[in-house]
Every structure is written in C-alpha cells, then in structure tokens.
Amino acid sequence: MPRRGTSRPPLALVVLAASAVAFVALPLLALAQRAPWRELGSLLVRPAVADALRLSMVTAAATTGVSLLLGVPLAWVLARVEFPGRSLVRALVTLPMVLPPVVGGVALLFALGRRGLVGQWLDAQLGVLLPFSTAGVVVAQTFVAMPFLVITVEAALRGADRRYEEVAATLGASPWTAFRRITLPLVAPGIAAGALLCWARALGEFGATITFAGNLQGRTQTLPLAVFGALESDRDAAVALSLVLVALSLVVLVVLRHRWWVLR
Amino acid sequence: MTRVGGGAGRHRRGPSRRQTKSAACPLRAALTAGLAAVLGVSCAGGAVEKPVTITVLAAASLTDAFTEMGEAFSAEHPEVQVRFNFGASSGLATQVLQGAPGDILAVADQAAADAVVAAGEASAAPQVFAHNSMEIAVPVGNPGGVTGLGDFARPELLIGACAEEVPCGRIGRRLLHRASVAPAIDTNEADVRSLLTKIEAGELDAGLVYRSDVMAGEGAVEGIEVAGAAEVLASYPIVALAGATAREEAQAFVAFVRSGEGQRILTGHGLLAR
C-alpha cells in the first residue's frame, strides 16, 4: 500500500545519493580519461599482463572456493550455535577486514612462513612451503577476503525463517539433511552475494599478497601487483591494467549479481 | 611507492612562519603554546629567530644516515628544522612532478633526479653526494650455505631481489649479469627494505642489498662481499628543488651533506663518500 510521498523520493536523499555516486565514479572516470586507448590492445597482450590476468582469475576463484568451504560452516555456527565467547570469535574472524593487509601479510609470514609457528612444521614434516608460491597467494587472499563472505552469510542465516528447519526436523530429517536440503537453498542468495564480495575483494588484494607471497611473474604476481610494478616504470601500462581490473570487476558484479540475486 | 603522505609538511609552509614576531607572537603564543613549546619557539627571549623548516625527500636507503644528518645540520643551524619524507626514489620523483611540497630531493637513482630536472623542478644540476655498493645478505647462520653470486642460480634456495623498476634491482641484476649468473629468483620485492625484512625473518636464503642496509640491520642479517661490487655502484644525487620556499637553507643543507662532516656521517652508515 504505497502511501503518498513514497512515490517521490525526498530531494535531500537524492542529492546525497547522487553525490555518493559522483564521489565513487569520478576517480574511475579520471582513470579512463588517462588511459592509452590506442595502445590498449598491444599493452594487454604482453606476456606479463597475460600472466597476471590468468593468475588473478585462478587465485580469486580458488580463494572463493576455499572461503565457501570454510566460511559457510563458520557463518552457520556463528548464527545458530550459542557458545561462550561467540562475539569474541565473530570479532576475531572479521578482524582482517580492518587490519591493514600488509600487517596481515606479516602475521601470515610469522605463522606460516618457513620459520613461522606452524610453517616450520609444514616445511619439516610435509615439505610444504607456502610463501612465494601460488598457494601462498590463495592463503593471503583468503585471509583478507573470507570475512566478507562470513558476515554476509551469517546475516542471511539470521534473517532466514527457522520454522522450515524445525518442520523438517519433526518430519524426521537429520540436522545434516535439514542443513543441506532446507537451510542452504534458503540462504543461497546470501551465499552468492557473499561469494561475490569475497571474489571481488580477492581480485583486488595487494598488501597481504606482496608481503606473504612475494612478487614473481607467473607464480605470485597478480593483477594488482603488476599494476604496482608498472606504476614505477610504465604509467600507461599501469593505467591499462587498472582498467582491466575495473572492467572485469564491474562485469562480474553486474552480471552475476543480477543473475543470482535478483532473479531468485 | 609513497609510504609517507604527501601532505606532510604542507601546513608548515604557510606564510605565518615568516611573519614578523613582534606583531603576531603574543596571540599566537597563547593559542599555540603547546606547538611553540614543541618547536622550541621562545617569545619571551625574542633573541631566538623563528625556525625555518626545510623538507627533504630522501631515498629509503638513506633513512638512518639522513636522520642523523638532519640532527647534525640543525645543531649547526639552530634556526633550521629538517623534516624528511623517505620513500622509493622513483616514487619521490613522481611526487615532486605531481607538485608535492619539498625543498630538497636526495635519491638513489640518477634517472629519478634527471626526470625532476627535465620537468624544470630542479633549481640547479643535481650533485652526487654518495655511492653505495651491493652485498649479499643472508639470514643469521646462513642456512642456505651461500658463499657468492653463483649460489643465486641454485633452484632449491629461496632467492629474493629488488624489482627491476627500482635502482637496487637494476644494479643487482647488472652484478649478476657481469658474473654470468642466471638467478633463480623467487620474488621481486618492491624496495630494498622489504627484501631485507624477508631475509631477516629467514624466509629468503639470500638477496642482493646495499652495504648500508646490512650495516643498518645490526646483526639481524649477515653480509657477504661480492667480487666486482665496487665497479657497479649506486650513485646518490641531491638537488634543491625549484619550488623550495627556504632556498638559502636548502642550499646550506646540500652543502652540508657534501661537506666533510656530512660525508663522515654517510660513511658511518656504510655508504661510500663522493
């Protein structure tokens, strides 16, 4: 029942909202204006650029996979299980969102590096060396990006109607079956939104990656690292790479969000 | 890489610094008593001249040497305060070209100084004030058993380098090239300090860094001298910038860096005299 006035949004809100859009869009427009449009094609087929693009795609996808595997159960526990220290755990797992990524990278090095708390054991017992490897890139990205998935999915779980799960239980479904058949489909849009946020954050990850995984073309040099390197030597290439990053993110955010979020 | 905000120093450049003290002082002293105390400005005495602040944009590898340099200079010129903005040489040059405030540029890279000159931002031709040679840095205990540049080709070792875009990366590669070593590099670090940090932490087995960095590490890394290092040196040019507000003081600082006292400070930190 739309009341009078809701059809016409308040002017103040519209003006402020438009300012917000302009604030975000202006730097991106400036970037596009500086772009070497003519040489764009030749810049993008350089081996270093192609390698960075491929590596970013692979690692951001792997990060999203790992985050789904670990983050959805974590979100479920945070939303549905009462236990002492729950708010502390919640704060802990969202901490990487506010931590400077470089600090996260240093912390990862101290934990999983060759001389790190767990890392020295990984190296000695399993021969696994995470720093300076592609797996290390996924570790760094997951550390920074997973919290985005966790808080999104937790919010979706809290907003979901629990009566469906209760009914499933009275009909004889085990808790695991109820989770799989009822809960997961119920919060699927939330999971998709969380996965998208996580993917986008992983794609743009810089600080933790360069600190923990280093910077080597084809192995650990993702798109943001390539942009950073090019910024020092070749401004045109840096701008072109940034445009690729922006365009890629925009396409995925618009297309996938539309498909998963709105249509469901 | 711009580690230090370009805004540093901007507020110090206002005309107030140059105002005659008799008119403005009582009010300002009341308003900014805390600031005045910090800066050591004294109204009551009236004898002490207001300090002029000069801002020096300096290469990251000069952090320790120039911090001492600033103190020694201010001891000799009590009326001049020296502030620093340390960062990668190329990043500092970019900042100058983008209009960042500063009186002096001192970098580890002739190309960075040349770019500033080419843009008309230098007040004179840059002068070389120091050199730096490269050494192999290894973690304490040398777990990789590194003895020379030849070990950089061993694939089982974790070898770090500076990125090709920064001076230490270019000079290090030239050294390796002259020694006919094809290095098995595992990471190209953004600057020499981050490379050093990873060697200190034991995450890398070896890397080429400046001799002054090994000295600054104070026992956290071990240095191994490299044959032929003296033939491939980093040169450090310094220049007063065209946009300098305190031009005289900036010239005095440049002269101080190149003086016997300045050179003594630089060599004390592992750099080589000009």
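Quick notes on this structure:
- Rg(Cα) / (2.2 N^0.38 Å) computed for the range B:134-231, rounded to two decimals: 0.92
- The ranking of A:Trp199, A:Trp121 by Cβ neighbour count inside 10 Å, starting from the fewest, reads A:Trp121, A:Trp199.
- Taken over the protein assembly as shown, the ratio of Cα radius of gyration to 2.2 N^0.38 Å equals 1.17.
- Three semi-axes of the equivalent ellipsoid, the range A:1-96, Cα gyration tensor, whole Å, largest first: 37, 33, 12
- Cα convex hull of the range A:126-229 - mean projected area over all directions, nm²: 8.7
- Taking amide H as placed 1.01 Å from N in the peptide plane, B:Phe86 has its amide H under 5 Å from the amide H of B:Ala58, each at least 5 places away in sequence or on another chain.
- Label point distance in nm, A:Leu28-B:Ala230, each placed 7 Å from Cα along Cα→Cβ: 5.8
- Helix runs (DSSP H) in chain A reaching 15 Å along axis by Cα, Kyte-Doolittle at least -1.0: A:11-34, A:47-80, A:101-112, A:134-159, A:188-204, A:223-233, A:235-257
- Listed residue (B:Val166, B:Ala255, B:Gly150) projecting farthest to the positive dipole end of the protein assembly as shown, Cβ model: B:Val166
- Debye, to nearest 20: dipole size of the range A:50-262, +1 on Lys, Arg Cβ, -1 on Asp, Glu Cβ: 440
- Database remark: amide H of B:Leu241 closer than 5 angstrom to the amide H of B:Ile104, B:Leu105, B:Ser123 (H placed geometrically; neighbours at sequence offset of 5 or more, or on other chains; Pro and chain starts carry no H).
- Annotation: Cα Rg of chain A relative to the compact-globule expectation 2.2 N^0.38 Å equals 1.19.
- Rounded D (µm²/s) - the range B:74-121, Kirkwood Rh over Cα pairs, Stokes-Einstein at 4 °C, 1.567 mPa s: 111
- Label zone of A:Thr170 (point 7 Å out along Cα→Cβ, amide N under 17 Å): in the range A:74-94 this covers no residue at all.
- Inter-centroid distance (Cα atoms) of the range A:228-246 relative to the range A:166-211, Å: 34
- Taken along the Cα-to-beta-carbon direction at a fixed 7 Å, the label points for A:Glu39 and A:Arg8 span 5.3 nm.
- Relative contact order (%) - criterion: Cα under 8 Å, at least six apart; region: chain A: 28
No lab work stands behind these numbers, since they all come straight from the coordinates. What you see is a predicted model, and the numbers here were worked out from it, not measured in a lab. Counting neighbours? That spans all protein chains shown, and the Cβs are built from the backbone with ideal geometry, glycine included.
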